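J.: Here's a structure for you.
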Amino acid sequence: MKVTRLPVDPGPPAWNLLLPTQTQYPALAGNKTADWLIIGAGFAGLAAARRLKQLCPQDTVALLEARRVAHGPTGRNSGFMIDLPHNLASDDYGGELERDARHARLNRAAIDFAADAALDYGLADEAFVRSGKTNAAATEKGLDHNKSYSAHLTKLGEPHELLDGAQMREMTGTSYYLGGLHTPGPAMIQPALFVRGMADGLAGTGVDIYENSPVTSLKRDAGSWTARTTGGRISAANVVLTVNGHAESFGFFNRRLIHIYLYASMTRPLTPDEVKTLGGAPRWAVTPADPLGSTIRRISGTGGDRIIVRNRVTYNPGRCANENAVQAFGRSQDRSFARRFPMISGVTMEHRWGGQLCLSRNDAPAFGEIDKGLYAACCQNGLGVAKGTASGMLIAELAAGKTSPLLDDMLAEPAPSRLPPEPLAWLGATATMRWGEFTAGREL
Ligand SMILES: Cc1cc2nc3c(=O)[nH]c(=O)nc-3n(C[C@H](O)[C@H](O)[C@H](O)COP(=O)(O)OP(=O)(O)OC[C@H]3O[C@@H](n4cnc5c(N)ncnc54)[C@H](O)[C@@H]3O)c2cc1C
């Protein structure tokens with residue numbers, strides 16, 4: 001199969017720019033062989049490599065990445081590794097109870113797996129910390145949403161705490177939020193620091209990582225697969241595809257994957273005076289009570305004290321978004337920042353970027369053996385930091401012939417359902433997103 005599209009994400013990989021120079025892995029050159037080939041060094045690919053090395057320590061594992069580690073979506077997200085499914089507060093929640101519990105089990109196993117990796121590879125707290133996260137409400141509607149979310153969590157027996165406006169101000173320094181709902185399970189990562197640490201740790205256990213090595217074709221011959229890049233080729237009996245939405249570029253799950261882009265801006269480092277004026281805790285992380293609102297993080301550590309605003313979304317079936325969108329949505333992020341932090345209104349954004357994300361209509365993963373010896377762990381449906389890690393871990397178990405209750409949970413998921421034809425899908429998705437952003441009001 002010929003690969004029809006290669007990954008493109010607009011704007012700089014901002015998290016990575018805060019860090020010292022990263023390890024440079026070579027590009028694939030010449031002819032190579034390995035027992036296992038993993039394509040795509042995101043959360044799923046790195047987790048698959050770690051799990052394969054745990055299960056088959058003597059086997060050789062090669063990992064091919066089209067760009068640099070931490071430059072793709074895995075290094076561009078907001079860093080929330082979330083345990084509970086997002087749709088807990090939906091009106092029809094009752095029918096979803098069993099599936100939500102299954103997703104929570106998978107996400108928690110992924111968080112534990114990442115915690116073990118962080119420990120094994122000696123990663124700092126800044127890279128991975130189990131701090132929980134808060135669903136912040138800036139409107140009465142948001143408060144209502146949090147109340148019903150709280151009722152669902154109580155039904156599930158999940159611990160959580162409702163916060164009032166004063167507690168939100170104590171945490172964030174702003175009186176913008178009327179309340180919040182804190183859940184203790186999520187971990188927060190510095191995405192680039194975490195995945196660079198994962199890659200370096202894996203390289204230390206004998207995984208061969210190749211960067212700047214986009215796979216342009218994949219072919220099965222005489223019982224083994226051969227992947228070609230511009231500089232070389234590599235053959236392996238088993239291949240794991242961890243390219244998220246680019247599974248479609250390899251010819252799989254056609255018209256079943258929804259390709260969207262998310263956008264974010266990061267401030268310049270705050271000065272000590274601005275930090276004092278702002279107040280609040282040095283590190284915090286809030287998701288919006290409305291799904292199309294703004295996710296906000298305050299970070300401190302390598303790269304200084306900064307605030308990150310993530311909002312706006314576009315539907316891009318062509319799997320690319322342009323720099324104009326990054327700039328246009330950057331202005332929306334400036335407004336969201338100014339509304340929340342008028343006390344430091346002189347602070348400007350230093351980095352703006354976008355990144356690809358893959359969903360399916362029925363919230364199902366693109367997971368399993370898709371051809372003889374070819375496995376997919378793609379389509380993470382929004383909670384990709386946790387779900388990408390879970391699907392990477394579990395595809396390694398499936399491919400290595402291992403069974404486990406968690407793998408059974410994953411295999412119980414449905415396949416991604418078919419999308420309507422274009423331009424219907426484009427019209428439907430774009431109208432839903434624009435309307436959702438409009439009705440999000442002050443949550444945006
Ligand atoms: C701005 C933004 C904020 C987000 N915030 C969050 C968040 O806070 N929490 C959360 O859970 N999720 C978040 N996400 C989503 C999350 O980043 C993704 O779901 C996650 O990265 C998916 O991981 P993955 O490993 O499956 O795929 P990816 O991270 O997309 O990795 C796939 C890799 O495959 C490589 N690849 C593709 N094609 C080829 C090829 N032909 N050859 C070789 N390599 C190839 C790509 O370069 C890429 O590195 C966010 C996303 C964005 C863009």
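J.: For the range 146-256, what are Rg and Dmax over the alpha carbons, in angstrom?
T.: Rg, Dmax (Cα atoms, Å): 23.1, 67.
J.: Something else: I need the phi-derived Karplus couplings for the range 138-150: 6.51 cos²θ - 1.76 cosθ + 1.60, θ = phi - 60°, integer Hz, Gly and Pro marked x.
T.: Ordered by residue, 3J(HN,Hα) equals 9, 9, 4, 4, x, 4, 4, 4, 5, 5, 6, 4, 4 Hz.
J.: At a Förster radius of 22 Å, what calculated FRET efficiency corresponds to the Cβ-Cβ distance of ALA425 and THR4, to the nearest 0.05? Don't skip to the answer; put the middle values down first.
T.: On the way: r = 18 Å, r/R0 = 0.83.
With R0 = 22 Å, the Cβ-Cβ based efficiency is 0.75.
J.: Positive end of the dipole of the range 154-223, charges at C-beta (+1 Lys, Arg; -1 Asp, Glu), about the Cα centre: which of MET198, GLY180, PRO159 has its Cα farthest in that direction?
T.: Value computed over the given set: MET198.
J.: Normalized C-alpha radius of gyration of the range 267-327, against 2.2 N^0.38 Å?
T.: On the way: Rg = 14.9 Å, N = 61, 2.2 N^0.38 = 10.5 Å.
In units of the 2.2 N^0.38 Å rule of thumb, it is 1.42.
J.: What number does the chain give for Rg over Rh if you use C-alpha atoms and the Kirkwood radius? Can you show the working numbers first?
T.: Numbers: Rg = 21.1 Å, Rh = 22.1 Å.
Ratio of gyration radius to Kirkwood radius for the chain: 0.95.
J.: Now, a different point. Over the chain, what relative contact order in percent results from Cα pairs under 8 Å that are six or more residues apart?
T.: Details: 993 pairs, mean separation 111.6, N = 444.
This gives 25 percent for the chain.
J.: Please give the per residue volume of the convex hull enclosing the alpha carbon atoms of the range 236-364, rounded to a whole number of Å³.
T.: Details: hull volume 19.7 nm³, N = 129.
Each residue corresponds to 153 Å³ of Cα convex hull volume.
J.: Any idea what angle helix 384-399 forms with the longest principal axis of the chain, computed on alpha-carbon atoms, 0 to 90 degrees, nearest 10?
T.: Rounded to the nearest ten degrees, it is 20.
J.: Can you compute the helix-only [θ] at 222 nm over the chain? Use -39500 (n - 2.57) per DSSP H run of at least 4 residues, normalise by all residues, nearest 500 deg cm²/dmol.
T.: Numbers: 11 runs with 145 residues, N = 444.
That comes out to -10500 deg cm²/dmol.
J.: Roughly how big is the chain's charge dipole about its Cα centre, with Cβ charges of +1 (Lys, Arg) and -1 (Asp, Glu), in debye to the nearest 20? Could the numbers behind the result be given before it?
T.: Numbers: 47 positive and 43 negative charges, 212 e Å.
Dipole of the chain, to the nearest 20 debye: 1020 debye.
J.: Please list, in order along the range 123-136, the HN-Hα scalar couplings obtained from phi with the Karplus expression 6.51 cos²θ - 1.76 cosθ + 1.60 (θ = phi - 60°), rounded to whole Hz, x for Gly and Pro.
T.: 7, 6, 3, 4, 7, 7, 9, 8, 10, x, 8, 10, 8, 8
J.: With a sphere of radius 15 Å drawn around the Cβ of GLY72, what net charge do the other residues whose Cβ falls strictly inside it have (Lys, Arg +1; Asp, Glu -1)?
T.: Values: positive: ARG5, ARG67, ARG68, ARG76, ARG196, ARG319; negative: ASP9, GLU65, GLU211.
For residues surrounding GLY72, the net value is +3.
J.: Next question. What are the principal axis extents of the Cα atoms in the range 53-170, in Å, biggest first?
T.: 54, 35, 27
J.: Hey, another quick one. Please state the Cα pair-distance histogram of the range 202-281 with 5 angstrom bins from zero: what percent is in each bin?
T.: Reading upward from the zero bin: 3, 9, 14, 14, 13, 10, 8, 6, 8, 7, 5, 2, 1, 0.
J.: Relative to the Cα centre, what is the charge dipole magnitude of the range 203-257, using +1 at the beta carbon of each Lys and Arg, -1 at the beta carbon of each Asp and Glu, and rounding to the nearest 20 debye?
T.: On the way: 6 positive and 4 negative charges, 53 e Å.
Magnitude of the dipole: close to 260 debye.
J.: Alpha carbon centre of the range 224-263 versus the range 354-409: separation in Å?
T.: Value for the Cα centre distance between the two parts: 13 Å.
J.: Return a whole-number percent for the relative contact order of the range 255-338, with Cα pairs under 8 Å and 6 or more residues apart as the contact set. All intermediate terms of the calculation are to be shown ahead of the outcome.
T.: On the way: 116 pairs, mean separation 32.4, N = 84.
Averaging sequence separation for qualifying contacts and normalising by length gives 39 percent for the range 255-338.
J.: Where both partners of a DSSP beta bridge lie in the chain, what percent of those bridges are antiparallel, to the nearest 5? Display every interim value, and only then the final one.
T.: On the way: 52 of 74 bridges.
Of the beta bridges lying entirely in the chain, close to 70 percent run antiparallel.
J.: In degrees, nearest 10, range 0 to 90: what is the angle between the Cα axis of helix 97-120 and the longest Cα principal axis of the chain?
T.: So the helix axis and the longest Cα principal axis differ by about 80 degrees.
J.: Let me ask something else about it. What does the charge count around ILE234 come to, taking other residues whose C-beta lies under 10 Å from its C-beta (Lys +1, Arg +1, Asp -1, Glu -1)?
T.: With Lys, Arg at +1 and Asp, Glu at -1, the neighbours total +2.
J.: Which of the listed residues, ALA396, GLN333, ILE299, is farthest toward the dipole's positive end in the chain, when Lys, Arg count +1 and Asp, Glu count -1 at the beta-carbon?
T.: My answer, from the dipole projection, is GLN333.
J.: Report the local net charge at MET349: Lys and Arg +1, Asp and Glu -1, summed over other residues whose C-beta lies under 9 Å from its C-beta.
T.: 0
J.: Long-range amide H contacts for CYS379: which residues qualify at under 5 Å (H placed 1.01 Å from N, peptide plane, sequence gap of 5 or more or a different chain)?
T.: When sequence neighbours closer than 5 places are left aside, the close amide H contacts are ASN244, GLY245, ALA366.
J.: Kindly put ASP112, ASP273, ASP305 in sequence by how many other C-beta atoms sit within 10 Å of each C-beta, fewest to most.
T.: Values: ASP112 14, ASP273 9, ASP305 19.
Neighbour counts put them in this order, fewest first: ASP273, ASP112, ASP305.
J.: State to the nearest 20 debye the size of the charge dipole of the range 192-341 about its Cα centre, where the only charges are +1 on K and R beta carbons and -1 on D and E beta carbons.
T.: It works out to roughly 400 debye.
J.: Same structure again: Find how many whole Å separate the alpha carbon centroid of the range 1-36 from the alpha carbon centroid of the range 37-55.
T.: So the separation of the two Cα centres works out to 14 Å.
J.: Each residue of the range 160-165 in order: what ³J(HN,Hα) in whole Hz does its phi give by Karplus 6.51 cos²θ - 1.76 cosθ + 1.60, θ = phi - 60°, with x for Gly and Pro?
T.: 6, 9, 8, 10, 8, x
J.: Could you sort 43-52, 123-132 so that the peptide with the highest average Cβ count within 10 Å comes first and the rest follow in order?
T.: Values: 43-52: 29.3, 123-132: 18.4.
For the peptides 43-52, 123-132, the packing ranking is 43-52, 123-132.
J.: Please list log₁₀ I(q)/I(0) at q = 0.11, 0.19, 0.22 Å⁻¹ for the range 300-429, using the Debye equation with identical point scatterers on the alpha-carbon positions.
T.: Each listed q maps to, in turn, -0.61, -1.09, -1.25.
Read-outs throughout are calculated quantities, based only on the coordinates presented, and are distinct from any laboratory measurement. It should be emphasised that the depicted structure is a prediction, and the values quoted were computed from it without experimental measurement. So basically every Cβ, Gly included, is an ideal-geometry build from the backbone, and we count neighbours across all protein chains shown.
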